[in-house]
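Heads up, the thing below is written out as structure tokens.
The values are calculated or read from the model by the stated rules, or taken from the named source; none is laboratory data. Remember, it's a predicted structure, so these values are computed and weren't measured experimentally. Here Cβ is always computed from backbone atoms with ideal geometry, including for glycine, and neighbour counts include all displayed protein chains.
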Amino acid sequence: MVLLSSFNLFIGLVSAVAGVASTSTSPLLSRRILHERRSAVPQGWSLHRRADPDTVIPLSIALRQSNLDNLDDYLLEIADPTSPKYGQHWTPARVAQTFRPSKESVDAVRTWLVHDGVDGSRIQFTKDRAYLQLNVTVAEAESLLATEYYVYQHDDSGVEHLACHHGYHLPEHVSSHVDLVSPTVQFGGIKLGAALAKRGGASPAKKDMPRPHGPPKTPVAAEVGSALTADATNCDQQVTPDCLRELYGFNYTFVATDKNKVGVVELADQTYVAKDLDVFFKKFAPELVGVEPTLVSIDGGKVDFTETDESIIGESNLDFQLIMPLLGKEQQVSLFQVGGSGSFNLLLDAVDGAYCTFDGGDDPSEDVVPSGVKEDCGTKAPAFVYSVSYAGAEDDDVHYMQRQCTEFGKLALAGMTFLFASGDNGVASNSANLCLLPNGTAADAPGAFLPNFPATCPYVTAVGSTQVDAGKSARDVESATSSFGSGGGFSNVFPRPKWQKRAVGGYLSKVGGSLGYAGDVFNRSGRGVPDVAANGFPTAVVIDGNFTLSGGTSASTPIFAAMVAAVNDARLAAGKGPVGWMNPALYSHMFAGVFNDITNGTNPGCGTDGFPTAAGWDPVTGLGTVKFQQLLQRFLTLP
């Protein structure tokens, strides 16, 4: 038999097929029903051949968690500013115990597998019994799941991957106990790899998540670079740390640095270069020369100071050259460097052991660690706020996205804040300009709007981008970025949460009727993104020793993260806890007047003008940019 590496697993096209009915009424012989399906093969992949029935694959089954229907209520109890329990975050032990799969679910799935011929000794459970995994042949998997596996081939590289050709099925009495089975229909990681390859980045076989692309990088001539002003006098032409302080009234000295924890997440081979940081700091923050972030290596994640490829060092350099001057020398920032495939699940595994499978990660097709590396599973101390400048199209397997989003919500219960860039292609997704065609395929072509995930998850805060208009100063209200579209729109997966209904409903009632889009172009009942915005262009940054103008929502996110970290610092100094999940508070009446309303600009994409900004919330810049001192004072009034 051939044992396929998890690097070679590809989850491909699935289509609905009829369930297998049984004449028996026994639960063990209940009819099979379709559990998951996908409507199209990702761009760049073709059906190649039937899979070898003797090939062995690691089959992973994620059990349905208990009490998920109460997650929103649990979160609002500690995040709604009007709640008497505001800020009373849960312990990790309480979170794990509350959502542990029931004994009924464990027994139902195990009994089904044994009844269908799997020896019980082959079934391995996680410690908290949230997942089970077993090695099976393709023939066994096809029998268990009433499906067929094929091998797909990448059109450009020739890389081959195992794929579930049809939707998979589960016994009806088992389906309600299972979130997802893999490898089956999840192929988002592969799609993102293909998108990266188009831009000269990673190969299609490498499943790392692309960062929002932002504007083209513009090198600054050496004599101009030396003449860049460190103050806030030319913020329409070059955004510096002083510009950001002036724009948002952000003048804060950190005092609770021994308690505060700030994290910046970088994925796969993305790395900062220390000498580039020092060139930048020498110009804009001399006290930071020689200071570096603290490395938190996850699954072998590492930095490479010898790297010179702009596509590899550009994002990480940008993140730290923005956030560190705003935090100051006393507040340490941690670099959560995720190795392997760089998937978000590997990050979640590392900070929450209850999320892991028995050996870490929960999908061997997407959550891949290097050979010989011991996977991190609950081994890393979490931060209070995470800045994440990476995003992917919201067209991965729905169950996979829902389960990952739920985990962000569970960590929010424990007091963590996750900030995600909303994307840089307007209503299209990530740097590949992906839109949804009528057949459900995501492609670089006009089609239905396709937002970015995890930004669309309601338990994270999505950050859009703004700019100072030409000839204006940092004292003027900004506009939505015009050199690229600030990512925004409406989720096709996650419904609109109740804390957002007033603001988003107001936008649609004012503007929705004049957009002129067909009803299937965007989901009018979906979760709206972004939530907030911050400056994203033209950002001064040093890459390969040279000053460059860059930007994107990937710049806006660490800027906003610095201000959240400052709010946490002030609360910790006052004997309170971190803010954790911010969204219900930000959208509440209690925070009215905290934002600079952005009413100029659009976010084009998918062959359209996208959405226009408007008074109040809009799907371009969210609630707007913050007035830091007011934001700070409102959060300090809360328990």
*asked:* Within segment 456-469, does at least one residue satisfy the condition of being closer than 13 Å to residue 393 by Cα, in the same structural domain as residue 243 (by TED's automatic domain parsing), within 22 Å of the chain's Cα centre (by Cα) and assigned to a loop (DSSP other than H, G, I, E, B)?
replied: yes
*Examine segment 404-417 for a residue that is in a loop (DSSP other than H, G, I, E, B), in the same structural domain as residue 529 (by TED's automatic domain parsing) and either within 12 Å of the chain's Cα centre (by Cα) or at negative phi (or both), and state whether such a residue exists.*
yes
*If a residue has to be in contact with a Ser or Thr (Cβ under 9 Å, 6 or more places away or on another chain) and assigned to a loop (DSSP other than H, G, I, E, B) to count, how many in segment 620-638 make the cut?*
3
_Being buried (at least 22 other Cβ atoms within 10 Å of the Cβ), more than 24 Å from residue 389 (Cβ to Cβ), among the hydrophobic types (A, V, I, L, M, F, W, C) and assigned by TED's automatic domain parsing to the domain that holds residue 399 is the requirement here; does residue 522 meet it?_
yes
_Tell me whether segment 616-623 contains one or more residues that are on the phi > 0 side of the Ramachandran plot, of a type outside the set (Asp, Glu) and without any contact (Cβ under 8 Å) to a residue 24 or more places away in the chain._
no
*Given the conditions (1) modelled with pLDDT of 85 or more; (2) surrounded by fewer than 17 Cβ atoms within 10 Å (Cβ to Cβ); (3) within 23 Å of residue 397 (Cβ to Cβ), which single one is not true for residue 46?*
(1)
*From the list 367, 309, which one is closer than 25 Å to residue 429 by Cα, crowded, with 18+ Cβ neighbours inside 10 Å and charged (D, E, K, R)?*
367
_For the structure I just gave you, tell me whether residue 598 is in contact (Cβ under 8 Å) with a residue 24 or more places away in the chain, in a loop (DSSP other than H, G, I, E, B) and not small (Gly, Ala, Ser)._
yes
*What is the residue count in segment 293-313 for residues that are of a type in the set (Asp, Glu), out of contact with any helix residue (DSSP H, G or I) (no Cβ under 6 Å at 6 or more places or on another chain) and without any contact (Cβ under 8 Å) to a residue 60 or more places away in the chain?*
2
*asked:* Given the criteria of a type outside the set (Asp, Glu), part of a loop (DSSP other than H, G, I, E, B) and in contact (Cβ under 8 Å) with a residue 40 or more places away in the chain, does residue 255 qualify?
replied: yes
*Just to be sure, is residue 314 in contact with a Phe, Trp or Tyr (Cβ under 7 Å, 6 or more places away or on another chain), within 30 Å of residue 367 (Cβ to Cβ) and outside any loop (DSSP other than H, G, I, E, B)?*
no
*asked:* Condition check: closer than 25 Å to residue 367 by Cβ, among the basic types (Lys, Arg), surrounded by 15 or more Cβ atoms within 10 Å (Cβ to Cβ) and touching a residue at least 60 places away in the same chain (Cβ under 8 Å). Does residue 129 satisfy that?
replied: yes
*Is it true that some residue in segment 360-367 is modelled with pLDDT under 95, of a type outside the set (A, V, I, L, M) and touching a Cys at 6+ places or on another chain (Cβ under 8 Å)?*
yes
*Can you work out which of the residues in segment 125-152 that are touching a Ser or Thr at 6+ places or on another chain (Cβ under 6 Å) and assigned to a strand (DSSP E or B) is farthest from residue 45 (Cα to Cα)?*
131
*Of the residues 521, 542, which is modelled with pLDDT of 95 or more and in a strand (DSSP E or B)?*
542
*Filter result for residue 76 (among the aliphatic types (A, V, I, L, M) and either assigned by TED's automatic domain parsing to the domain that holds residue 588 or modelled with pLDDT of 95 or more (or both))*: yes
_Can you say whether residue 337 is crowded, with 21+ Cβ neighbours inside 10 Å, at pLDDT 90 or above and out of contact with any Gly (no Cβ under 6 Å at 6 or more places or on another chain), as far as the supplied structure shows?_
no
*Return yes or no: is residue 577 on the phi > 0 side of the Ramachandran plot, surrounded by fewer than 24 Cβ atoms within 10 Å (Cβ to Cβ) and either not assigned by TED's automatic domain parsing to the domain that holds residue 506 or not aliphatic (A, V, I, L, M) (or both)?*
no
